[in-house]
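Accompanying notes for the structure given below.
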Amino acid sequence: MTNLWRGAAALAGAVLGGLVWSLPASSGAAADCTGIDLVEKLRAENPQDYAHLLEEADKIPNGKAIFWRIDPGKGIAPSWLLGTIHISDPRVNDLPAPVRDAFDKASSLALEINNLSKPNLLAGKLARIRHLYTMPSGQTLRDYLTKEEIDRIVELQPFHGTMHVEAMVRLQPWFIWIAISIPHCERVNLKAGKKALDARLEADALKAGKTVYGLETMRSQFEVLASIDMQDQVKNLKMTLRHLELGRNAFITTVNLYLARRMDIGSAMTKLMSRQAGISDAETERVMTKLVDDRNITQFEAAQPLIEAGNSFIAVGALHLPGKQGLVEKFKQAGYTVTPVN
């Protein structure tokens, strides 16, 4: 599971909101996403490496559940933390009974960013932060990519054929990298009107009269991506183009690990799969620190007042939960009792 896909997944809620949900809905049929489960492939072909992977996964705290109860004590009602994947797969969207019950009873919902179910508002926000995803004056992607790589991006149609090539080459590498990291099948599904889990939760919450908060903003998420060194942006884009099949397989693997509640294995696979894509451990750490760990601090600080108020349902990307720098550990360190539910 390369840092390319995991990084994309970490911010797909915001980026896909701008790239896909702001476009007119299509009447086309939804698409099935297929690929190879990389964990199962490793288990079948190299049992020794598979056993080592499981050993490394077991060292990662809080990686075997995606739904947690947070008890602040002091007579305050518990809140709930759900790890999500920003995709439309019906198996992900079909919430288990304990999760649905907690969501229905919660008085508020907190997402990474809010207004996901309002595409016109998202499009307006995108227009106001163009400097965060377009190249500096006088530069284009042609300064960094070969003609063959540019042609390949055009062929992939990451924006459903709605963007002229001359506009596309003015985008920063991270913007293209995120767009093509999401498999074509999932982009088709979102364009066809299928909602990712985060957007579905927001729509249900608003319908039920709940207050919906954003722990971050689209601007702050784009600032994180734009702050990635240009050399790292370009290398990640080139590697994504070169390893599209690996990315598709990583997508399938991520979904399967999520459904199995084993995000610890996903975290343990990051360096292994990144190496296969030609990304060094140092580069992986550098990018993932920005995309996940640094943002955990922002999300934690924004969530604390909601937990102190009680009865809040917090839903963020599942990658933000496990690990020593993850949200579950941060809530524990803050003195809350955090218990796995599902």
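Summary of the geometry: the range 25-87 and the range 285-340, compared by the centres of their Cα atoms, lie 16 Å apart. Cβ crowding within 10 Å ranks Asp151, Asp232 as Asp151, Asp232, fewest other Cβ atoms first. The magnitude of the dipole of the chain, with charges of +1 and -1 set on the Cβ of Lys/Arg and Asp/Glu and taken from the Cα centre, is near 660 debye. Shape analysis of the range 259-320 places it in the oblate category; the axes a ≥ b ≥ c from the Cα gyration tensor give an a/c of at least 1.5, with a/b not above b/c. For the chain, a Gaussian network of Cα nodes joined below 10 Å ranks Asp71, Asp281, Asp49 by mean-square fluctuation, and the top entry is Asp49.
Taking a straight Cα-Cα cut-off under 22 Å and skipping sequence neighbours fewer than 8 places away in the same chain, the lysines within cross-link reach of Lys118 are Lys191, Lys194, Lys195, Lys207, Lys210. The ranking of Ser220, Ser137 by Cβ neighbour count inside 10 Å, starting from the fewest, reads Ser137, Ser220. Our estimate of slack between Arg128 and Glu301, defined as 0.36 nm per intervening residue step minus the Cα-Cα distance, is 59.7 nm. Computed packing ranks the peptides 99-105, 63-69 as 63-69, 99-105, most packed first, by mean other Cβ atoms within 10 Å.
Set against the labelled values (i) 1.12; (ii) 0.96; (iii) 1.07, Cα Rg over 2.2 N^0.38 Å computed from this structure falls on (ii). In the range 113-211, Cα pairs under 8 Å separated by at least six residues give a relative contact order of 37 percent. Considering only DSSP beta bridges whose two residues both sit in the chain, what percent are antiparallel, to the nearest 5? Approximately 40 percent, going by the DSSP bridge assignments.
In this rough spin-label picture, where each label sits 7 Å from Cα along the Cβ direction, the Ala203-Lys105 distance is 2.7 nm. Sequence-distant contacts, meaning Cα pairs under 8 Å at least 6 residues apart, place the relative contact order of the chain at 41 percent.
FYI, it's all coordinate maths here, none of it is from the lab. Every value quoted in this text rests on a predicted model; they were computed, and no experiment measured them. Glycine gets a Cβ as well: all are built from the backbone with ideal geometry, and neighbour counts include every protein chain shown.
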